[in-house]
1. Give me the base-10 log of I(q)/I(0) for the chain at each q in 0.10, 0.16, 0.17, 0.21 Å⁻¹, Debye formula, one uniform scatterer per Cα, rounded to two decimals.
2. Considering only protein heavy atoms, what is the solvent-accessible area of Asp61 at a probe of 1.4 Å, reported in Å² to the nearest 10?
3. For the chain, what is the accessible area per residue in Å² when the probe is 1.4 Å?
4. Going by amide H atoms built from the backbone, whose H comes under 5 Å of the H on Gly114, apart from near neighbours?
5. Roll a 1.4 angstrom probe over the protein heavy atoms and tell me the percent of accessible area of the chain that is carbon or sulfur.
6. Under the rule of at least 5 residues apart or a separate chain, name every residue whose amide H is placed under 5 Å from the amide H of Val2.
7. If I model a spin label at Ile31 and Gln3 as a point 7 Å from the Cα along the Cα→Cβ vector, what separation in nanometres do I get?
8. How far is it, in nm, from the label point at Trp111 to the one at Asn76 when both lie 7 Å from their Cα along the line to the Cβ?
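The values are calculated or read from the model by the stated rules, or taken from the named source; none is laboratory data. In this text the structure is predicted, and so the values were computed from the model without any measurement. Please note: Cβ atoms are built from the backbone with ideal geometry, for glycine as well, and neighbour counts cover all protein chains shown. Ligands, DNA and RNA are stripped out before the accessible areas are found, and what is left, the full protein with its side chains, is counted by its heavy atoms. Shrake-Rupley method; radii C 1.70, N 1.55, O 1.52, S 1.80 Å.
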Amino acid sequence: QVQFVESGGDLVQYGGSLRLSCSPSGSGVSIYSMAWYRQAPGKQRELVATITTGGVTNYVDSVKGRFTISRDNAKNTMYLQMNSLKPEDTAVYYCNAVRIYSASLSVLGSWGQGTQVTVSS
């Protein structure tokens, strides 16, 4: 089962920016649709953004206009650019390969350690 390594998390102030990176431990990123998830303390893991192999993106409403998901197949890496960060964005962020259906999606890989993003007010 494919596994991914996330990096780039940090402690930032309200309104700051971060760029998260995601790389696979085995198979290339280019063959999968990919997604970023996050899990805040005491909450369930939630889907943040997805990107298809063709580059079509989708976002949860709470991050639209602030976050940008992208992929660089040549570098075998996926990114999440996060701008205008808010305290409610504080969470551990995870990436994974997904299969996207019309009304749902399924996770294809195993979960990595994630990367911690903390936004101070």
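1. Here the Debye-derived log intensity ratios amount to -0.26, -0.69, -0.79, -1.20.
2. 120
3. 52
4. When sequence neighbours closer than 5 places are left aside, the close amide H contacts are Glu6.
5. 45
6. Amide H neighbours of Val2, under 5 Å, 5+ apart: Ser110.
7. 1.9
8. 2.5
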